[in-house]
Amino acid sequence: MAWFLRKDKGIQTPTEAKKDVPDGLWYKTPSGKIIHVRELKNNCYVCPDDEFHVRIGSKEYFEILFDNNKFTELDANMESADPLKFKDSKPYPKRIKDSQGKTNLKDAVRTAHGKMNNIPITVSCMDFNFIGGSMGSVVGEKIARGIQHSIDNKIPFIMISKSGGARMMEAGYSLMQMAKTSAKLALLSESKIPYISILTDPTTGGVTASYAMLGDFNIAEPGALIGFAGPRVIRETIGKDLPKGFQSSEFLLDHGFIDFIIDRRQLKSKLSTLLNMLN
Amino acid sequence: MLLDFEKPIYELEHKLSDMKQLASNSGVDVSNAVKSLEEKIDKLKKDTFSNLTRWQRVQLSRHPERPYTLDYIYEITEDFVELHGDRNISDDKAMVGGFGTIDGQTFMIVGQQKGRNTKQRQLRNFGMANPEGYRKALRLFRLAEKFNKPIVTFIDTPGAFPGLEAEERGQAEAIAKNLKEMFMIKVPIICIVIGEGASGGAIGIGIGDRVFMLENTWYSVISPENCSAILWRSWDYKEQAAEAMKVTAKDMKAFGLVDDIINEPLGGAHKDLKWMSNQMKKVIVKTTKDLQKLPIEELINQRIEKFCNMGVVKE
């Protein structure tokens, strides 16, 4: 006789009912190091043992950049519409609702203004958890308005990118967000206001091919994947394995597309130093 | 080559020529039969091509006989001087451009170029430009600005090339820079999607005061096949993906994402290159005249304003 008897046959939990592993006390880095989450937080979400930069979102970046975590959010309630009535395995509005429920975010970007070491700034920061940080109308519009806020108030604009690229469920509209954000950046540039683009893991597709690459300063976090096409697509196109470190921050620095790589723990002080020099 | 939906038409046309052949050989009068068959063919053509699905239009946009950028350039211009190279790395054969005259007025014309046979397709990299292509385009736009000549771009690409060297040389940066710089170019810009308008590779030369699409073209953020592969995890849902993304000229105009549609001859642009080119020429000449009436600062403001209004959000 077995030790345990299954009373109900074929118990199955539908995917929706499965719970995500709750945020525990410990974080395990990809190299297997285990760290207490409070220690991680105090260390700007960088693992002290191996310098691994844990993926974080707008909440954490705002905390890191703004003095005393004080900031005013812009367009906090803007949400995606469904102009195409798009449906794949589920309708787009349902996908949005699900993602909002899971992440407690409205969409894949948040914009805020406040002070960083007493320098007034506008920051737009992407959230990868929200449909892969994909860029639809909301992302484009919020970034465009963030840039406009910088133009109107003559304060530097900081963009933190973290995205898989375009949002297919908004097809043509999504594509035009590349144009919209670039148009606003052209105006920002004419006003001679600094634009710092921070590329974090991962930044690919239409996001890289528009605002993420247009900084007066392009800065990357260490070890981030940054590229136009995804590695799988490139591998299939050329039919060869990709060299080690291909499309990493270090690779982009080597090829001249990044001004410097920054450890997240020095992010705030280095950005402040740079902006103070431009004053 | 025949697309699936062209086959019934082809069969009837075949029958018609057989009938004519037979009549001329035997001397029997079949004029009534010929006439009725011709009418039938005409009706079938109209029915077929006015009711194409979105995927069928995508297929037409890739028809192997479809005219490419240089075909139109040679039809439309009286003189054309092709210019090469990005002055840095190389000359990208997938992106062509140069000064050309249309009705005596000089234009800078730039566009992606596909190849017609295997050798040409390789040379043109299937119309997929590398970063050099986008930088060459920008160099030519600046040249146009310097000599105050209006710009026309022809968009026809399955995407910017996703290769190893393309990444090394900054494909994303090259496209991003074009987007930003094209907004500030101080001459009128007209963009026309003549075939495929795939994603960043297309919009990389697609910022214009007026953007047109030929009737049987598509323009979107990803090809229906790749959308199918990502969202449906299979290549088999391309028809559904084309429907869901609403990629045709009619869709894009209805959304206000392009300005207007240029009609094609019945059966597609390749059925009558001369007619098609003439249509495009008329549109280019008239649109340029309209755009040149505005002071350039005003034109640039409107260009920026237009793209900034694109998008639908809830607040």
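The values are calculated or read from the model by the stated rules, or taken from the named source; none is laboratory data. Everything quoted here is computed from the prediction, not taken from an experiment. We place every Cβ from the backbone using ideal geometry, glycine too, and count neighbours over all the protein chains shown.
Condition test on B:L179, is it in a helix (DSSP H, G or I), modelled with pLDDT of 95 or more and touching a strand residue (DSSP E or B) at 6+ places or on another chain (Cβ under 8 Å)?
Against the criterion (in a helix (DSSP H, G or I), modelled with pLDDT of 95 or more and touching a strand residue (DSSP E or B) at 6+ places or on another chain (Cβ under 8 Å)), B:L179 does not qualify.
For B:L257, only one of the following conditions fails: (1) more than 10 Å from chain A (Cβ to nearest Cβ); (2) under 30 Å from B:K186 (Cα atoms); (3) not in a helix (DSSP H, G or I). What is its number?
The one condition B:L257 does not meet is (1).
Tell me the residue from B:G200, B:G195 that is outside any helix (DSSP H, G or I) and closer than 22 Å to A:T237 by Cβ, please.
B:G195
Assuming B:R135 fulfils every condition listed in (1) of a type in the set (D, E, K, R); (2) crowded, with 18+ Cβ neighbours inside 10 Å; (3) more than 22 Å from B:A202 (Cβ to Cβ) apart from one, which condition is it?
The single condition B:R135 does not satisfy is (3).
Inside the stretch B:100-158, can you point out the residues that are assigned to a helix (DSSP H, G or I) and of a type in the set (D, E)?
Answer for the stretch B:100-158, where residues must be assigned to a helix (DSSP H, G or I) and of a type in the set (D, E): B:E132, B:E145.
Quick test of your reading of the structure: B:F126 fulfils all but one of (1) of a type outside the set (D, E); (2) under 16 Å from the mean Cα position of the chain (by Cα); (3) surrounded by 22 or more Cβ atoms within 10 Å (Cβ to Cβ). Name the failing condition by number.
If we test B:F126 against (1) of a type outside the set (D, E); (2) under 16 Å from the mean Cα position of the chain (by Cα); (3) surrounded by 22 or more Cβ atoms within 10 Å (Cβ to Cβ), just (3) comes out false.
From the residues in the stretch A:259-269 that are touching a residue at least 24 places away in the same chain (Cβ under 8 Å) and assigned to a helix (DSSP H, G or I), which one is nearest to A:H53 (Cα to Cα)?
A:R264
Looking only at the stretch B:74-97, decide whether some residue is among the small types (G, A, S), farther than 30 Å from B:P8 by Cα and outside any loop (DSSP other than H, G, I, E, B).
Checking the stretch B:74-97: at least one residue is among the small types (G, A, S), farther than 30 Å from B:P8 by Cα and outside any loop (DSSP other than H, G, I, E, B).
Any residue that is crowded, with 24+ Cβ neighbours inside 10 Å and either part of a loop (DSSP other than H, G, I, E, B) or of a type in the set (D, E, K, R) (or both) - is there at least one of those in the stretch A:179-189?
Among the residues of the stretch A:179-189, at least one is crowded, with 24+ Cβ neighbours inside 10 Å and either part of a loop (DSSP other than H, G, I, E, B) or of a type in the set (D, E, K, R) (or both), which makes the answer yes.
Please verify whether A:F130 is within 20 Å of A:D88 (Cβ to Cβ), aromatic (F, W, Y) and modelled with pLDDT of 95 or more, treating the condition exactly as stated.
yes
Scanning the stretch A:83-96 for residues that are in a loop (DSSP other than H, G, I, E, B) and free of Cβ contacts under 8 Å to residues at least 40 places away in the same chain, which turns out nearest to A:V138 (Cα to Cα)?
A:K85
Evaluate the following for B:C191: is it surrounded by 23 or more Cβ atoms within 10 Å (Cβ to Cβ) and more than 9 Å from chain A (Cβ to nearest Cβ)?
yes
Is at least one residue of the stretch B:83-100 buried (at least 22 other Cβ atoms within 10 Å of the Cβ), without any contact (Cβ under 8 Å) to a residue 40 or more places away in the chain and within 30 Å of B:I222 (Cβ to Cβ)?
Scanning the stretch B:83-100 turns up at least one residue that is buried (at least 22 other Cβ atoms within 10 Å of the Cβ), without any contact (Cβ under 8 Å) to a residue 40 or more places away in the chain and within 30 Å of B:I222 (Cβ to Cβ).
Of the residues B:A242, B:A229, which is modelled with pLDDT of 95 or more, over 14 Å from the mean Cα position of the chain (by Cα) and either in the same structural domain as B:D71 (by TED's automatic domain parsing) or charged (D, E, K, R) (or both)?
Among B:A242, B:A229, only B:A242 is modelled with pLDDT of 95 or more, over 14 Å from the mean Cα position of the chain (by Cα) and either in the same structural domain as B:D71 (by TED's automatic domain parsing) or charged (D, E, K, R) (or both).
For the stretch A:30-61, name all the residues that are under 21 Å from the mean Cα position of the chain (by Cα), assigned to a helix (DSSP H, G or I) and among the basic types (K, R).
Matches in the stretch A:30-61: A:K41, A:K59.
Give the stretch A:239-279 a look and list any residue that's more than 24 Å from A:I121 (Cβ to Cβ) and charged (D, E, K, R), or say none.
A:K240, A:D241, A:K244, A:E250, A:D254
Would you mind stating whether B:V187 is aliphatic (A, V, I, L, M) and either under 19 Å from the mean Cα position of the chain (by Cα) or closer than 17 Å to B:V258 by Cβ (or both)?
no
So which of B:I230, B:I296 ends up being touching a helix residue (DSSP H, G or I) at 6+ places or on another chain (Cβ under 8 Å) and of a type in the set (V, I, T)?
From the options B:I230, B:I296, the qualifying one is B:I230.
Looking at the stretch A:175-224, which of the residues that are among the polar types (S, T, N, Q) and within 8 Å of chain B (Cβ to nearest Cβ) is nearest to B:P224 (Cα to Cα)?
A:Q177
Every residue, every condition in (1) of a type in the set (K, R); (2) at pLDDT 95 or above; (3) assigned by TED's automatic domain parsing to the domain that holds B:R124, yes or no:
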{"position": "B:L16", "(1), (2), (3)": "no, no, no"}
{"position": "B:A23", "(1), (2), (3)": "no, no, no"}
{"position": "B:S36", "(1), (2), (3)": "no, no, no"}
{"position": "B:K40", "(1), (2), (3)": "yes, no, no"}
{"position": "B:E75", "(1), (2), (3)": "no, yes, yes"}
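Run down A:G146, A:G114, A:G172 and say which single residue is within 12 Å of another protein chain (Cβ to nearest Cβ) and at pLDDT 95 or above.
Every option except A:G172 fails the conditions.
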